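The values are calculated or read from the model by the stated rules, or taken from the named source; none is laboratory data. Predicted, not measured: the structure shown is a model, and the values here were computed from it. Neighbour counts run over all protein chains shown; Cβ positions are idealised from the backbone, glycine included.
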Amino acid sequence: MIKEIALSEIHKGLGAKMVPFAGYNMPVSYEGVNIEHETVRNNVGVFDVSHMGEFLVLGPNALELIQKVTSNDASKIVDNQAQYSCFPNTTGGIVDDLIVYRINNEKWLLVVNASNIEKDWNWINSHNSVGAEIINVSEDYSLFAIQGPKAVQAMQSLTSIDLNNIKFYHFQIADFAGVKNIIISATGYTGSGGFEIYCKNNEAEQIWKEIFNAGNNFNIKPIGLAARDTLRLEMGYCLYGNDINDTTSPIEAGLGWITKFTKNFINSDNLLKQKEQGTQRRLVAFELDERGIPRQGYDILNNQGDKIGKVTSGTMSPTLAKGIGMGYIPTNLKSVGTKLYIQIRKKIIPATIVKLPFYKGL
């Protein structure tokens, strides 16, 4: 049974192409991926990402539980700060990646991927030996990502707080679009700045309409999930299910920066060995040297024509106008500048390993 997000009918009325995604009927595009991508890079666009999951972790032992199940060190963040992290599993892989929000020492919000809500919920509860209170509020909340260089300017009239003062990966709980107690978070998946707005489902329609009224003079547009994917890939952000999953370790995936060994967490001993001894493979980013579009699942070859890996994410970059992608290859080949080859149907296209992000604020 496919679930509907709160504003499903509004998206259909806007001409969205709706597709099943992570168990929800979601808007994948409106005008087309390239137009929507450019809107976010140059202007301001709004994603409805209400399919994402939200868990509240409450009580005096909330931090202890979060420290146990996540790889990053949540003790380092203060009230109104967020942190990117992951749930390591016991076999070296990743249950999910997530954002941890510290509202206060006894109230935390975990935002997880839609496709993993049930899996993550079961995982956290199975490791809750400290008596923290966990509430799954995923069905009650909508989430809008207002992204792009003009987001602050376009949205400032909707709130009494100064949006310029919310630093990256920080948030405020404030009035927004005539509604009180809205989480306004300077997080996002696009690399072009902006905010994510968390609201109750019964507030979603009013807030959506006010966002578009306020953004009218800024040529604001709704943006679908297809452009969200091209935008995140230009930044080199991992997508769960593509670039990271139950069999990829955070060290292999280049997520050592969110894997902090200043504390003990699930499987931390094994991951520390990986960090110290190295891994056999690493996630790398590449650009095609000739025309072509690398797609997930395509083979990566070395210069002898041997298969050495597979593309985990790939697209035609709208900003760079070239094929870009990521994939796991043997660690000894991971250096920037190394030549690879991508098997695109019957053609073999040369590619070069590059440093992330692909998009550098051109």
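Consider the stretch 183-205 and keep the residues that are within 22 Å of the chain's Cα centre (by Cα) and surrounded by fewer than 22 Cβ atoms within 10 Å (Cβ to Cβ). The one that is nearest to F55 (Cα to Cα) is K200.
Can you confirm whether I353 is within 30 Å of V40 (Cα to Cα), surrounded by 14 or more Cβ atoms within 10 Å (Cβ to Cβ), touching a Pro at 6+ places or on another chain (Cβ under 8 Å) and at pLDDT 95 or above?
no
Scan the stretch 207-247 residue by residue and report those that are of a type in the set (G, A, S), under 27 Å from E9 (Cβ atoms) and out of contact with any Phe, Trp or Tyr (no Cβ under 9 Å at 6 or more places or on another chain).
If the condition is that a residue be of a type in the set (G, A, S), under 27 Å from E9 (Cβ atoms) and out of contact with any Phe, Trp or Tyr (no Cβ under 9 Å at 6 or more places or on another chain), then A214, G215, A226 are the ones that fit.
Answer yes if at least one residue in the stretch 258-270 is within 15 Å of the chain's Cα centre (by Cα), under 30 Å from E36 (Cα atoms) and either modelled with pLDDT of 95 or more or not β-branched (V, I, T) (or both), and no otherwise. Within the stretch 258-270, not a single residue is within 15 Å of the chain's Cα centre (by Cα), under 30 Å from E36 (Cα atoms) and either modelled with pLDDT of 95 or more or not β-branched (V, I, T) (or both).
Pairing each residue of the stretch 257-285 that is more than 19 Å from D97 (Cβ to Cβ) with any residue that is among the charged types (D, E, K, R) and modelled with pLDDT under 95, provided the two are 6+ apart or on different chains, yields no C-beta distance under 6 Å.
Considering only the stretch 114-161, how many residues are in a helix (DSSP H, G or I) and within 18 Å of F21 (Cβ to Cβ)? Within the stretch 114-161, residues that are in a helix (DSSP H, G or I) and within 18 Å of F21 (Cβ to Cβ) number 9.
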